[in-house]
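For reference, the structure discussed in these notes is given below.
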Amino acid sequence: MAEGTSILARLVGHPATLETAFALIGALLWGYAVQIVCDCRRARRMLAAAYWFTLGLLFGFGAWLPHWVAGLLVVGLVAVEAAGGVRTQATPAPSGEPSAPGWRALWPVLTIPTVTFVLAGLTALAGGEVGRGAVVGLALGGLVAVGVALVVGRFSWPTALAAGRQLTEDIGPLHLLPQLLASLGLLFTAAGVGTLLADGVQRIVPPGSLPGAAVAYFLGMTLFTALVGNSFAAFSVITTGIGVPLVVAPFGLDPALVAILGLTAGSCGTLCTPMAANFNLLPVGLYGLPDNYAVIRWQWRVAAVLWPSHLIVLGLFWLCR
């Protein structure tokens, strides 16, 4: 058992493992591009195919591309989208499949987290990096879930590929938002935005005040997330500028606890902003809702209830430690 987990940890930690997962994503996107080219009834199919082929190139070979080439390709993706090349015009997926699988449809859904947690746990037992194990498990879980879905639903590969393309095109360029916003957060950090924020907050928050520092950190995470649309983009900036110097260091708090509370406080901002288009605007288009802000109108109430709980949890931890 020990030898097996050790081999697993080495396999998970090998650089080629993640690159293989990204290469599979790239190959899938290239498959979509080929399908689009072959769809003669589709307008602007060459533009759309170029978009998905380029995105597949970034996923499959991004680790080996020079940074400036990858940047130009991203700009090219934006240009194709601005020209209307990736608007949903796909041919509907083939119909005529067997009857709906009912509760068995949950099997592929549950397969992904099951494989992810199992692989992450085995990696931890072997002394490997848990985060990397979870990411590799997520990729492997996705592959296994596809196989389970094909068996449970009795779908053919062409049907599954067509349905996957339809959903991917419905989501469209919003696929890029998480990666671009995370990069934006790193750029803000490198530019010293966090330091500027810390200087400003220190002039307002009294020294040695945990409640004041906590409010500043959580509120900063919420507002900055609402501004950029992603808590991961805000996390590096606000945690570097406010969380570590004003909350963690002066009071000796657990950095992991402060970090996770900061992320969830940022997620309260995600619930309330149209900038988080992949969360708040995409469902409007997919479900044909008449109000562009229908999702946000429901979610802001949840955010208003959750946000104060961060202060309560941090305060209880401070009192009980």
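The values are calculated or read from the model by the stated rules, or taken from the named source; none is laboratory data. Nothing here was measured: the structure is a model prediction, and the numbers come from that model. All Cβ positions, glycine included, derive from the backbone under ideal geometry; neighbour counts span all protein chains shown.
Looking at segment 48-87, which of its residues are among the small types (Gly, Ala, Ser) and in a helix (DSSP H, G or I)?
Ala48, Ala49, Ala50, Gly56, Gly60, Ala70, Gly71, Gly76, Ala79, Ala82
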Using the structure shown, decide if Leu177 is surrounded by fewer than 16 Cβ atoms within 10 Å (Cβ to Cβ), under 17 Å from Ala233 (Cβ atoms) and touching a Gly at 6+ places or on another chain (Cβ under 8 Å).
no
Of the conditions (1) under 30 Å from Phe53 (Cβ atoms); (2) over 17 Å from the mean Cα position of the chain (by Cα), Pro173 satisfies every one except a single condition; which number is it?
(2)
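Out of the residues in segment 77-112 that are over 18 Å from Ile36 (Cβ atoms) and either in contact with a Pro (Cβ under 9 Å, 6 or more places away or on another chain) or surrounded by 14 or more Cβ atoms within 10 Å (Cβ to Cβ) (or both), which is modelled with the lowest pLDDT? Spell out how you get there, then give the answer.
So the first thing to find is which residues in segment 77-112 are over 18 Å from Ile36 (Cβ atoms), and the list is 78, 82, 95-112.
Pick out the ones that are also either in contact with a Pro (Cβ under 9 Å, 6 or more places away or on another chain) or surrounded by 14 or more Cβ atoms within 10 Å (Cβ to Cβ) (or both) and you get 78, 97, 101, 107-108, 111-112.
Details: Val78: 87, Glu97: 50, Pro101: 62, Trp107: 88, Pro108: 88, Thr111: 92, Ile112: 92.
Step by step, filter segment 77-112, then rank; the result is Glu97.
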When every residue in segment 148-157 that is in a helix (DSSP H, G or I) and free of Cβ contacts under 8 Å to residues at least 12 places away in the same chain is compared, the one surrounded by the most Cβ atoms within 10 Å (Cβ to Cβ) is Leu150
Mind telling me which of the residues Ser309, Ser267, Ser231 ends up being without any contact (Cβ under 8 Å) to a residue 60 or more places away in the chain, out of contact with any His (no Cβ under 6 Å at 6 or more places or on another chain), within 22 Å of Gly200 (Cα to Cα) and among the polar types (S, T, N, Q)?
Ser231
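Grab the helices (runs of 4 or more DSSP H) fully contained in segment 193-255, keeping just those with 2 or more residues being at pLDDT 85 or above, in contact with a helix residue (DSSP H, G or I) (Cβ under 8 Å, 6 or more places away or on another chain) and surrounded by 23 or more Cβ atoms within 10 Å (Cβ to Cβ).
Details: elements: 193-204, 210-228, 231-238.
In segment 193-255, 210-228, 231-238 are the helices (runs of 4 or more DSSP H) which contain 2 or more residues that are at pLDDT 85 or above, in contact with a helix residue (DSSP H, G or I) (Cβ under 8 Å, 6 or more places away or on another chain) and surrounded by 23 or more Cβ atoms within 10 Å (Cβ to Cβ).
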Determine whether segment 158-181 contains at least one residue that is touching a Lys or Arg at 6+ places or on another chain (Cβ under 9 Å) and assigned to a helix (DSSP H, G or I).
yes
Please list, ordered by first then second residue, the pairs with beta carbon atoms under 9 Å, 6 or more apart or interchain, first in segment 105-119 and in contact (Cβ under 8 Å) with a residue 40 or more places away in the chain and under 14 Å from Gly137 (Cβ atoms), second in a helix (DSSP H, G or I) and of a type in the set (Gly, Ala, Ser).
Leu119/Gly133; Leu119/Ala134; Leu119/Gly137; Leu119/Gly141
